[in-house]
Amino acid sequence: MAHAAHTDAHHDDEHHGHHIIPFSLLAKVFGALVFLTGLTYVTAVYIPLGPLEVPIAILIACTKAGLVVFIFMGLKWDNKVNLLAFSICTIIVLVFISITLLDTEYRGDFGNVDELPLDDRQRIEQAIRDREEALNNPAAAAVDTAATETALADTTTAAP
């Protein structure tokens, strides 16, 4: 009989109900989510970050998703096997996103089917614009046309 009581007590310790999250913690997490949403908007619209815009937006989004999953969905207090599964899936997603970002960083124009690299093509186009400006505007003839011709010659001879 004592063994049965011990087994039941042990079973009750293992199986516990849903964790009740205090309202103050939920309010703090909600405030953090609102703040991070505003931060996302401000960094996207008002702060030019150049090539860091996408990684920072992804970092903010992952932070918000982590808050939702760990606090609102209760993963922080759930079985640790669920935490392990979530962590492995998150790592796999981060690897795929990293590979995608690397690919987009080194991708050229889709319409660029030229044998010249993009930098050389831009240099040639700028030299042509400078020459057209000098021809169309005699007052701008003070532009060094010799330098423009040299830039054109350098980039066209660099082509394979």
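State whether the residues of segment 124-133 include one that is modelled with pLDDT of 65 or more and closer than 30 Å to residue 25 by Cβ. The answer is no; no qualifying residue exists. The number of residues in segment 72-116 that are exposed (fewer than 10 other Cβ atoms within 10 Å of the Cβ), at pLDDT below 80 and either in a loop (DSSP other than H, G, I, E, B) or hydrophobic (A, V, I, L, M, F, W, C) (or both) comes to 7.
Residue 93 satisfies every condition listed in (1) among the β-branched types (Val, Ile, Thr); (2) free of Cβ contacts under 8 Å to residues at least 24 places away in the same chain; (3) within 23 Å of residue 26 (Cα to Cα) except (3). Scanning segment 15-44 for residues that are without any contact (Cβ under 8 Å) to a residue 12 or more places away in the chain and either among the aromatic types (Phe, Trp, Tyr) or part of a helix (DSSP H, G or I) (or both) yields a count of 11.
Going by the structure shown, is residue 30 aromatic (Phe, Trp, Tyr), surrounded by 12 or more Cβ atoms within 10 Å (Cβ to Cβ) and touching a Leu at 6+ places or on another chain (Cβ under 8 Å)?
no
Suppose we keep only residues that are within 11 Å of the chain's Cα centre (by Cα) and at pLDDT below 90 within segment 33-59. Which one would you say is surrounded by the fewest Cβ atoms within 10 Å (Cβ to Cβ)? If we take residues in segment 33-59 being within 11 Å of the chain's Cα centre (by Cα) and at pLDDT below 90, then 51 is surrounded by the fewest Cβ atoms within 10 Å (Cβ to Cβ).
The values are calculated or read from the model by the stated rules, or taken from the named source; none is laboratory data. Fair warning: this is a prediction, and the values are worked out from it, not measured in the lab. Every residue, glycine among them, receives a Cβ derived from its backbone with ideal geometry; neighbour counts consider all protein chains shown.
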